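Everything below concerns the one structure shown next.
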Amino acid sequence: MEKLLPKPVGFFFVLAVFLLAGCVSKTALQGKIVIVPQKLPYLVHQKIHLKRNDKAAYTTEIDAFGFFEFTGVKRRKTYSIELDSIPKKLEGSVFYIASMDGKKIKEIDLRKAFEFRLLPLEFDALSMQDDDLDAKIKEFKSGAIGNELLVKKYIHYETGSYLISKENRKYMNAIASVLKNNSQFTLRVNSHADATGNDDFNLALSVKRANEIKNYLVKKGIAANRIITYGYGESRPLNSCTNGVPCSELQHRQNRRTEFVFKVKRQGDVSVRG
């Protein structure tokens, strides 16, 4: 059995989170613990805590690929991240935290103090950043962006599912309101699948995801000819998780998504297809 080092004083990450007013109230904090030299799976299934005021506010587990995720994290707070223990074999190793796309965020040398302050940009690199719909639309209407706007609010799905969750219905209602209040806008719905399962099944599934959103918006009073849908299957992953590549559930979940693109319908434009 692997021997574990006793938890030393100060064996934690200190996250000083400085967030600007206007940000959403909650986010998901995602990342990967990397050991130099690479010695996984020594941290696999280790508990990792997001603490506030010396109490664990959120607890999760490092998966088989080194990834972790804290969900529903309240912003505008100061947190610390703490691991339960470190295997003895890793004594003197250098760790670093990477974002989901593999970008190195911060290095931690166990020969020194195992703590760091996370700057705002570093926090943003680890948190799922959705665009502020109202702010983006206002900028779009001003003409500052051009005639097409991608809104980064990814609608994620369970494996094999195309159903819209209760939480995501609230966002769909906001999308419907934007379209109702801006008759010159059309919407393109881009849906995607992960690389698990059959390619043809995933293509059909992504089409169902896009059409389910269109049907929801039509029921909210949006004309069908203002919405165009595309299903891309697994052809446009956000990461390296293609056929045959071992990936964690968290990585696959990134690719099960729907994106929204608003466009200004100019005079003389043909109606978009559904």
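Before moving on, here are some points about what is shown:
- Here the peptides 85-95, 193-203 are ranked by packing, the mean other Cβ count within 10 Å, and the order with the highest first is 193-203, 85-95.
- Within the straight-line cut-off of under 12 Å between alpha carbons, the aspartates and glutamates reachable from Lys152 are Asp130, Asp131, Asp132, Glu259, sequence neighbours fewer than 8 places apart in one chain being disregarded.
- Segments 172-179, 71-78 sorted - mean Cβ within 10 Å per residue, highest first: 172-179, 71-78
- Total charge dipole magnitude, region 123-236, about the Cα centre, Cβ charges on Lys, Arg, Asp, Glu only, Debye to nearest 20: 660
- Centroid-to-centroid, using Cα positions, region 195-225 and region 232-247 are 19 Å apart.
- Taking 29 Å as the limit for the C-alpha separation, the pairs Lys32/Lys141; Lys47/Lys89; Lys104/Lys153; Lys74/Lys170; Lys32/Lys55; Lys51/Lys104 exceed it in the case of Lys32/Lys141.
Rule-based calculations on the coordinates, nothing more; no lab input. Everything numeric here is computed off the predicted structure, so don't read it as measured data. A quick note on method: Cβ atoms are made from the backbone with ideal geometry, for glycine too, and the neighbour counts reach across all protein chains shown.
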